Amino acid sequence: MRNSAAVLTLGLLLALAALAIFALSRSSDYDRSPLGNKGLELWLQAKGISVLRSDPHVARAPSEISLRIIPLSIGHAEAAASRSGDETDDADPENLSEEASRYALPTLVILPKWRGSVATEGVADKSGLVEFGDISDELDKIGFSDFGFARSKTAFEEAQPHLQSGQPIRIALYQAQTFERSSLPSGCRELMGMSLGALLVHCENHNQVYLLSDPDLLNNHGLALADNASFAVSLVRLLRRGAATRPVYLDTAGEPLDSEKPADEGRSYERSSSDLKRFFAYPLSVIWGILVLVSATCFWRGAYRFGPPLREASANLELSKTAAIEATARLLRLSGNDGRMTGQFVLHLLSDKAQLLFGPGAGNEAGIDRLFKRLARHDQAAARALHSSAQALIDRGDAMTRADLHRNLETFRKLLRSIELGAR
């Protein structure tokens, strides 16, 4: 029962540790998948463009950033709708275009193209493409409607769009997704496209918002194709306009911006001794409690099983004598004054000595006789006494009284210890 409790506690601790690791890593799994935007962040930083990532605990001010990039995803609205009260109203996707106009903040909205299963399975094919109707629904939520879409019938589509005069960039897209030029609403114009249709669209009634039809131009998968990485840098620099000193805001959460820059966002935070209390607040307090419980269980189990640590003996001689006496007493207790068991013990001990001197095959009667002959060459009297004592215990041990048995066994032990067996 005690073993079960200890194993159960240890298993619970391991489960909590695995859950914590999973919770910390799952948020970055999608960002590093083929559909994520971690590559865009690192690539822009390598080109000297600062990047800020969305943080649910920090509200960004428009004055801090030069360009806001928002990748739309299917199901974002359902997640927002599950919130309650004012929080849902503040997170209304339609606020994206309103905020862009209110703060004169260039905003690049990237349309969805792939289902979430592509990120988890790592396989992109036609079955993983989002339906056009779902894309239209997402656009309706941010105030854009009546757009038509087209997809390439070939696997890969290449083009050389001009973002700036004299700077054509070769791009490549798998299952390219574009706006149909014939379906563009009045007031919307194409800024960049390919033979299939328009890729980048800007509308006058949302003069700060730019729509990018194909996310593969900026996601981890697409940046590795053709010169898509160069196109991404050129596109960001074009949309930033004159605010090249402020960072780009990669907003994957869609949280509303703050009209004023917060007075303190942690940059001027000074640590104090009171911060130590945070390490013992919930849920860390549960983890610390489990660690203390497991440690106490391990220490208790070790003390219960092995007992308290032994004190160092004052002398090795005393320790050896005590061990010898205890071993002899244990033998007699186990034998129950059975001389036959004592005789077997003597016979086995002589057999072990013979094998030690003459090899593994010398543990028989001939080997024991050879042992006594060897001892006789060194000390005939001691060898004769040892042989007599051993023979008496082997042949007549079962007939001896307890006192005689103990006396002969002690004599045999002393004689055996006093004789130098030597090397083979």
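Computed values, structure above
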read-out	value
Whichever residue in the stretch 34-58 is in contact (Cβ under 8 Å) with a residue 12 or more places away in the chain, open to solvent by 40 Å² or more (accessible area, probe 1.4 Å) and not in a strand (DSSP E or B) and, among such residues, is farthest from Asn95 (Cα to Cα)	Lys47
Members of the stretch 350-403 found to be touching a residue at least 60 places away in the same chain (Cβ under 8 Å) and open to solvent by less than 70 Å² (accessible area, probe 1.4 Å), listed by number	Lys353, Leu357, Phe358, Gly359, Met400
Matching residues in the stretch 98-109 - criterion: being farther than 12 Å from Tyr249 by Cβ and surrounded by fewer than 21 Cβ atoms within 10 Å (Cβ to Cβ)	Glu98, Ser101, Arg102, Ala104
Extreme residue, modelled with the highest pLDDT, among residues of the stretch 87-97 that are part of a loop (DSSP other than H, G, I, E, B) and open to solvent by less than 50 Å² (accessible area, probe 1.4 Å)	Pro93
Matching strands (runs of 3 or more DSSP E) fully within the stretch 136-205 where at least 3 residues are farther than 28 Å from Asp125 by Cβ	188-194
Residue satisfying all of: in the stretch 202-237; more than 17 Å from Glu41 (Cα to Cα) and of a type in the set (Asp, Glu); surrounded by the fewest Cβ atoms within 10 Å (Cβ to Cβ) among these	Glu204
In the stretch 110-134, residue most open to solvent (accessible area, probe 1.4 Å) [restricted to those that are in contact (Cβ under 8 Å) with a residue 24 or more places away in the chain and assigned to a helix (DSSP H, G or I)]	Lys126
In the stretch 24-47, residue farthest from Val236 (Cα to Cα) [restricted to those that are modelled with pLDDT under 75 and small (Gly, Ala, Ser)]	Ser25
Selection count where residues are touching a strand residue (DSSP E or B) at 6+ places or on another chain (Cβ under 8 Å) and either closer than 17 Å to Asn220 by Cβ or aromatic (Phe, Trp, Tyr) (or both), scope the stretch 112-146	8
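The values are calculated or read from the model by the stated rules, or taken from the named source; none is laboratory data. On a predicted model such as this, the values are computed, not experimentally measured, just so you know. Note that each Cβ is placed from the backbone with ideal geometry, even for glycine, and that neighbours are counted across all protein chains shown. Ligands, DNA and RNA are stripped out before the accessible areas are found, and what is left, the full protein with its side chains, is counted by its heavy atoms. Shrake-Rupley method; radii C 1.70, N 1.55, O 1.52, S 1.80 Å.
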